[in-house]
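*Asks:* Structure incoming, see below.
Nothing in this text is a laboratory measurement; each read-out follows from the coordinates by a stated rule. All of these numbers come straight from a predicted model, not from anything done at the bench. Glycine also receives a Cβ, built like all others from the backbone with ideal geometry; neighbour counts cover every protein chain displayed.
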Amino acid sequence: MAGLRVPAPEPGPGPARSNTRRSRRAWQRMVATGGRLVRVAGQMGAASVATPDPMAAPLPPRRRQPCAARARRSRLSGPGLPVLVIGSLMLLIIALLGIERLTGLSVLPDRFIAGLGPPPKKFPLLSASEPVGIEINKIDLAAPVHNVGIAPDGSIAAPPAERAQEAGWYDQGPTPGQYGPAVIVGHVDTTSGPAVFHQLPRLRTGDRVEVARSDGSVAIFEVDRIDRFDKEQLPADDVFGDFSRPQLRLITCGGRWVGGETGYADNVVVFASLVEAR
């Protein structure tokens with residue numbers, strides 16, 4: 001083909017010529033001597049053919065390592081690196097959980113340890129009694145609580161604007177202290193200034209929330225975590241579906257202001273668990 005050049009291989013020695021007849025005679029002489037080393041002389045020079053000598057002492061058999069020894073050496077090599085890393089992480093998590101339980105300090109992220117074990121503290125269980133007040137010393141909050149139901153759009157109704165300094169307990173759910181999540185909602189602000197839950201995002205894990213009840217008792221909750229969710233993507237099961245123990249959910253608005261009926265784009269949710277009652 002035009003333009004295509006294929007280099008030719010360089011010349012080299014051709015294949016060696018074999019002397020079949022001479023090779024046959026050498027084989028016959030080797031057989032006649034009983035398989036001993038035979039030196040065959042020919043026109044091309046001397047050559048040697050080495051074959052096993054039946055009169056020679058046999059070689060000792062090759063020793064095989066016992067299976068048990070091989071298994072023991074395999075065990076001594078230890079587990080692989082991934083197993084060691086995973087085991088070390090599990091031990092570290094267990095140690096940190098123990099520190100949290102003994103000291104009450106939050107060492108691990110809340111999301112990281114969610115669902116890893118039972119609640120760290122025992123809890124009381126209260127009979128049904130509607131809430132009448134809420135107090136959170138961490139943010140200097142002390143406010144009355146009134147009942148709210150379901151809004152026309154199917155959501156939890158917010159307290160009316162004229163009661164923006166009060167919180168609203170969702171009366172279709174558990175009362176504070178019963179099994180399940182009691183839900184208390186409140187405004188973050190109004191056109192004239194801050195509202196009842198304006199400082200709610202300042203809460204941290206371990207802070208206390210006290211809810212006064214109509215029977216004269218006080219349910220004391222401890223904050224587990226604080227999250228913020230898009231109002232259109234609120235995880236209903238996470239917020240309203242945990243009936244493993246008495247819970248509390250404090251909900252207000254947060255995030256970006258979008259105006260209209262939506263107001264703020266997000267909901268701030270405080271997750272808390274009952275730890276004491278008086």
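*Asks:* Taking θ as phi - 60°, what are the ³J(HN,Hα) couplings along the range 219-230 by the Karplus curve (6.51, -1.76, 1.60), each to the nearest whole Hz, with x for Gly and Pro?
*Replies:* Whole-Hz 3J(HN,Hα) from phi for the range 219-230: 8, 10, 10, 10, 5, 8, 6, 10, 10, 10, 10, 4.
*Asks:* Do any chymotrypsin sites (Phe, Trp or Tyr not before Pro) in the range 187-278 lie in a DSSP loop with no more than 15 other beta carbon atoms within 10 Å, and if so, which?
*Replies:* Details: sites: Phe197, Phe221, Phe229, Phe240, Phe243, Trp257, Tyr264, Phe271; in loops: Phe197, Phe243.
Answer in residue order: Phe243.
*Asks:* Could you compute the net charge surrounding Lys138? Neighbours are other residues with a C-beta less than 9 Å from the C-beta of Lys138; K and R count +1, D and E count -1.
*Replies:* +1
*Asks:* Compute the signed sum of charges (Lys and Arg +1, Asp and Glu -1) over the other residues within less than 12 Å, Cβ to Cβ, of Tyr264. Let's see the in-between values first.
*Replies:* Details: positive: Arg228, Lys231, Arg256; negative: Asp189, Asp230, Glu261, Asp266.
The answer is -1.
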